[in-house]
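The values are calculated or read from the model by the stated rules, or taken from the named source; none is laboratory data. Bear in mind the structure is a predicted one, so any value in this text is a computation, not a measurement. Remember, those area values only see protein heavy atoms, side chains included, never the ligands or the DNA or RNA. Shrake-Rupley method; radii C 1.70, N 1.55, O 1.52, S 1.80 Å.
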Amino acid sequence: MDSDRRHAQVVEDFSEYVNPYLGKLMNFAGFGVEDHAEGCFVYDHEGRAFLDFLGGYGVFSLGHRHPKVVAAVEDQVRKMPLGSKVFFNEPMTLLAKKLAQMTPEPLQYTFFSNSGAEAVEAAIKLAKGATGRPKIVATEGGYHGKTLGALSITGRKKYQEPFYPLMPGADFVPFGDAEALERAIDGTTAAFIVEVVQGEGGIHVAPSGYLRRARELCDQYGALLITDEVQTGLGRTGTMFAFEQEGIVPDLLTLAKCLGGGVMPIGATMGTPAVWEATFGRNSLIHTSTFGGNPLACAAGLAALQVVEEENLCQKAKDRGDYLVASLRRVGEMYPDFVAEIRGRGLMVGAEFTMDEVGELVIAQLTKRGLIAAYTLNNPRVIRFEPPLIVSEAEIDQAVAAFDEALAETSKMLAELAV
Ligand SMILES: *Cc1c(COP(=O)(O)O)cnc(C)c1O
């Protein structure tokens with residue numbers, strides 16, 4: 001089948017059998033059909049290369065199809081991809097042990113699942129189960145997933161309202177506001193859940209001292225602190241976990257996205273002996289998942305963690321992140337009417353525009369120039385750059401040049417519309 005016909009067929013089938021409304025939007029935006037990927041590049045149905053500066057919203061920290069992760073998965077698929085759920089599962093225990101070695105005490109145990117939302121669901125249940133309390137404090141603009149429990153603490157009304165009533169006991173505070181947190185956390189609070197850098201909320205870095213104050217308040221009232229590192233985890237912000245830069249250790253930690261090395265889906269919820277004793281100690285099967293912790297995903301996870309260490313990806317994220325921010329700022333300063341701010345930590349970078357419409361136009365222009373980018377789900381004014389942590393300076397230069405051209409073109413289009 002020639003590539004045009006293939007594209008037309010996929011668009012038609014997507015719209016007929018998956019989601020006609022999204023199909024129309026994607027087709028209108030001119031997206032092709034992805035065919036294969038490697039390193040920092042995705043190739044479409046025409047064989048055109050796209051530099052991946054979205055990185056699957058944080059999934060592709062190791063790039064696409066990292067050879068060590070692919071090899072680990074190939075090896076495991078020949079032995080036993082899914083576990084019996086009866087015998088001891090060695091890849092799972094090895095991954096749990098590795099995670100425990102990488103995190104400070106008292107984080108020790110890991111419950112495995114298949115996605116970020118599931119990792120958050122487990123954290124909610126363990127927090128409520130361990131404390132016997134109903135209230136979960138969360139942040140406005142925060143993103144924790146779209147299953148009912150995770151959605152209940154995801155701070156965006158647009159996604160919540162059609163599904164009311166949600167889980168009772170969710171209470172929202174503005175992100176970064178320590179005083180609001182003081183008013184919200186009390187003796188009925190099971191947990192405060194927070195992203196160290198809000199991803200979908202628009203790439204907002206927690207103000208200095210905020211997490212430390214949250215830790216104090218949680219300790220004072222016997223509440224648990226959950227850091228959701230589904231997006232920030234495993235080097236993205238310049239350290240293995242973003243909480244390390246805040247001088248705190250959470251009671252529960254959620255991971256997913258890049259934990260599968262960009263090859264397998266996996267979610268993980270880490271916790272302390274105190275939390276485990278109060279929950280699994282009561283009933284060892286109090287929370288379970290059929291596919292969670294399957295050997296195939298865990299083999300990928302273990303290989304991924306080794307790659308992050310061996311290739312020094314934390315330091316790379318920091319250095320390349322600083323370079324990306326500085327380069328984007330140089331371009332942004334030339335368009336003060338459009339670009340309000342460039343900010344981020346490590347390779348989790350956002351460009352905030354002064355108007356909602358600009359983001360969409362710039363993304364379309366970037367796609368045209370062979371760069372994959374997207375806006376943040378809870379904040380369309382911010383487009384995000386989350387390339388693989390293996391990205392080179394030359395690839396960053398290529399992306400920044402595309403950003404420059406995209407802004408020039410967008411500014412021309414808006415000027416024409418204005419007259
Ligand atoms: C993406 C994300 C989730 C949800 O993960 P899914 O795998 O899409 O369910 C949860 N929390 C954060 C911080 C995320 O970025």
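Taking all protein chains as present, what is the carbon and sulfur share of the accessible area of the chain, in % to the nearest whole number, probe 1.4 Å? Please report the intermediate quantities before stating the final value.
On the way: 10170 of 18620 Å².
In the chain, the share of accessible area belonging to carbon and sulfur is 55 percent.
Relative contact order for region 67-310: what percent, with Cα pairs under 8 Å and sequence separation of 6 or more? Dividing the mean separation by the residue count of region 67-310 yields 30 percent.
Considering only beta bridges that DSSP places wholly inside region 134-257, some 10 percent are antiparallel.
For region 67-310, the antiparallel share of DSSP beta bridges with both residues in that region comes to about 45%. Taking the chain as a Gaussian network of alpha-carbon nodes connected by springs under 10 Å, the highest mean-square fluctuation of the residues Gly30, Gly55, Gly370 belongs to Gly30.
Report the relative contact order of the chain, percent, no decimals, based on alpha-carbon pairs under 8 angstrom and at least 6 residues apart.
Values: 870 pairs, mean separation 88.1, N = 419.
The value is 21 percent.
Springs join every pair of Cα atoms under 10 Å in this Gaussian network model of the chain, and among Gly233, Gly83, Gly47 the largest mean-square fluctuation is at Gly47.
What the phi angles of region 49-61 give under the Karplus curve with 6.51, -1.76 and 1.60, with θ = phi - 60°, is a coupling list of 8, 10, 6, 8, 9, 9, x, x, 6, x, 6, 9, 4 Hz, glycine and proline written as x. Extents of region 67-310, taken as max minus min of Cα coordinates on every principal axis and listed largest first, are 54, 38, 38 Å. Straight Cα distances below 18 angstrom link Lys146 to the lysines Lys125, Lys157, Lys158, Lys257, with same-chain residues fewer than 8 positions distant left out.
Would you calculate, for the chain, the mean residue ellipticity at 222 nm contributed by helices, counting each DSSP H stretch of 4 or more residues as -39,500 (n - 2.57) and dividing by all residues, to the nearest 500? Could the numbers behind the result be given before it?
Working: 15 runs with 180 residues, N = 419.
Computed ellipticity for the chain at 222 nm equals -13500 deg cm²/dmol.
Under 5 Å from the amide H of Ala340 lie the amide H atoms of Glu352, Phe353, Thr354, each residue being 5 or more positions distant or on a separate chain, with H modelled from the backbone and absent for Pro and chain starts. Bridges between two residues of the chain, per DSSP, are antiparallel at a rate of about 65%. Couplings for region 256-266, taken from phi via the Karplus curve 6.51 cos²θ - 1.76 cosθ + 1.60 with θ = phi - 60°, read 6, 4, 7, 4, x, x, x, 10, 10, x, 7 Hz in order; Gly and Pro are left as x. Based on a Kirkwood Rh over C-alpha pairs, give the Stokes-Einstein translational diffusion coefficient of the chain at 10 °C and viscosity 1.306 mPa s in µm²/s. Approximately 71 µm²/s, per Stokes-Einstein. Comparing Gly149, Gly321, Gly260 in a Gaussian network model of the chain where C-alpha atoms under 10 Å apart are linked, the largest mean-square fluctuation is found at Gly149. Shape annotation for region 14-149: C-alpha extents along the principal axes are 52, 41, 30 Å, from largest to smallest. Close amide-amide hydrogen proximity is noted between Ile390 and Gly63, each under 5 Å apart and 5 or more residues distant or on a separate chain (H modeled in the peptide plane; Pro and chain starts excluded).
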